[in-house]
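For reference, the structure discussed in these notes is given below.
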Amino acid sequence: MKDRLTDALYGLGWATVKKLPEPVANGLGRRIADQVWKRRGKSVLRLESNLARVVPDATPERLAALSQAGMRSYMRYWMESFRLPSWSKDRMANGFVPEDVHHLTDALASGRGVVLALPHMGNYDLAGAWVTTKLATPFTTVAERLKPETLYDRFVAYRESLGMEVLPHVGGSAFGTLARRLRAGGLVCLVADRDLSASGVEVKFFGEQTRMPAGPAMLAQQTGALLLPVTLWYDDSPIMKGRVHPPIEVPETGDRAAKTSLMTQTLADAFATGIADHPEDWHMLQRLWLADLEERRP
């Protein structure tokens, strides 16, 4: 029953929000975000706890303001995502303005294949739609299998409608397909700031230990593709902003594990610079640091 209700609610969002005028949808998103924030549920408290690591000198009042802005940013992501399928290609192509985009265009022109790695910031679906429209470049990504299956199918259909190839994240089965796309000079985009599985790479992030996916670094090593971090944020305009960071080079020495560890730490450092500049646009509403996971264990 819960799964069916969840699927129905998402279906209602895609069916109704995309028909609303943009200012109305934005206003609705802010009102929902403020109501959720005022209830001080687990997700809001976790977001606030995570932001306390990002802004360690923040007062309680500053943290509360950041978490409220964070919930508004998160709801803006959802309102945009519900509406994206109804946007014109021109609106998608001009809805995102990244800095230092030459890192991406130069990498694509090299023919080596490119891995774009992003944290949970801004709206990565909009960034993907910008890639497929403005740059006219298709790409492959990976999506976690959601429950119920019908909800996962909705997300896959939604992202494929924006020009993305979506692979299911089941163990390591997607890795081989991603590697083939990169060896053919293709583009792969991966959200890569949280992986608490046994295969995650331990990194220091805002002064504490967590784990991030090994996939981006391993794909770059095995295929010769360029690994580019990307960070995203909103301002007061309807246009999302972002930055393409310089490529992360494969170290010349060390075994595969050592290279993967070093590259993933460099990736985490790039994410941290973008998150520190725009903490309210980092939508991390789950436990991330290993210390928080230890606290949860009996």
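The values are calculated or read from the model by the stated rules, or taken from the named source; none is laboratory data. Here the structure is a predicted model, which is why all the values come from computation and not from measurement. Because the Cβ atoms are built from the backbone with ideal geometry, glycine has one as well, and the counts that use them run over all protein chains shown. Note: areas computed on protein heavy atoms with side chains; ligands, DNA, RNA excluded. Shrake-Rupley method; radii C 1.70, N 1.55, O 1.52, S 1.80 Å.
In the range 221-256, of all residues being more than 19 Å from the chain's Cα centre (by Cα) and of a type in the set (Gly, Ala, Ser), the one that is nearest to residue 30 (Cα to Cα) corresponds to 237. Regarding residue 208, is this residue over 30 Å from residue 50 (Cα atoms), acidic (Asp, Glu) and in contact (Cβ under 8 Å) with a residue 24 or more places away in the chain? Considered against the rule, which asks whether it is over 30 Å from residue 50 (Cα atoms), acidic (Asp, Glu) and in contact (Cβ under 8 Å) with a residue 24 or more places away in the chain, residue 208 comes out as no. Within the range 40-58, is there a residue that is more than 28 Å from residue 213 (Cβ to Cβ) and of a type in the set (D, E, K, R)? Among the residues of the range 40-58, at least one is more than 28 Å from residue 213 (Cβ to Cβ) and of a type in the set (D, E, K, R), which makes the answer yes.
Here's the yes/no breakdown for (1) among the hydrophobic types (A, V, I, L, M, F, W, C); (2) over 25 Å from residue 224 (Cβ atoms); (3) at pLDDT 95 or above; (4) in contact with a Phe, Trp or Tyr (Cβ under 9 Å, 6 or more places away or on another chain):
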site: 99; (1), (2), (3), (4): no, yes, yes, no
site: 123; (1), (2), (3), (4): no, yes, yes, yes
site: 130; (1), (2), (3), (4): yes, yes, yes, yes
site: 147; (1), (2), (3), (4): no, yes, no, no
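Does residue 41 satisfy the criteria of being within 23 Å of the chain's Cα centre (by Cα) and surrounded by fewer than 14 Cβ atoms within 10 Å (Cβ to Cβ)? Answer is yes for this residue. Residue count for the range 253-275, restricted to those that are over 17 Å from residue 214 (Cα atoms) and open to solvent by 50 Å² or more (accessible area, probe 1.4 Å): 2.
Of the set (1) over 19 Å from the mean Cα position of the chain (by Cα); (2) modelled with pLDDT of 90 or more; (3) farther than 17 Å from residue 275 by Cα, all apply to residue 8 but (2). Here residue 45 does not qualify as farther than 30 Å from residue 185 by Cβ, touching a Pro at 6+ places or on another chain (Cβ under 8 Å) and either in a strand (DSSP E or B) or modelled with pLDDT of 95 or more (or both). At least 1 residues being more than 17 Å from residue 245 (Cβ to Cβ) and open to solvent by 60 Å² or more (accessible area, probe 1.4 Å) is the threshold, and among the strands (runs of 3 or more DSSP E) wholly inside the range 57-157 those reaching it are 139-144. Does any residue of the range 159-181 turn out to be open to solvent by 70 Å² or more (accessible area, probe 1.4 Å), part of a helix (DSSP H, G or I) and at pLDDT 90 or above? Looking for residues that are open to solvent by 70 Å² or more (accessible area, probe 1.4 Å), part of a helix (DSSP H, G or I) and at pLDDT 90 or above, one finds at least one in the range 159-181, hence yes.
Residues of the range 192-201 that are in contact (Cβ under 8 Å) with a residue 60 or more places away in the chain and open to solvent by 60 Å² or more (accessible area, probe 1.4 Å): 194 alone. When 262, 232, 227 are checked against the criterion of being more than 20 Å from residue 203 (Cα to Cα) and hydrophobic (A, V, I, L, M, F, W, C), 232 stands alone in meeting it.
The condition of being touching a Leu at 6+ places or on another chain (Cβ under 6 Å), over 25 Å from residue 21 (Cβ atoms) and among the β-branched types (Val, Ile, Thr) holds for residue 142. Do we find a residue being assigned to a loop (DSSP other than H, G, I, E, B), open to solvent by less than 30 Å² (accessible area, probe 1.4 Å), under 15 Å from residue 118 (Cα atoms) and touching a residue at least 40 places away in the same chain (Cβ under 8 Å) anywhere in the range 243-252? Yes, there is a match, as at least one residue in the range 243-252 is assigned to a loop (DSSP other than H, G, I, E, B), open to solvent by less than 30 Å² (accessible area, probe 1.4 Å), under 15 Å from residue 118 (Cα atoms) and touching a residue at least 40 places away in the same chain (Cβ under 8 Å).
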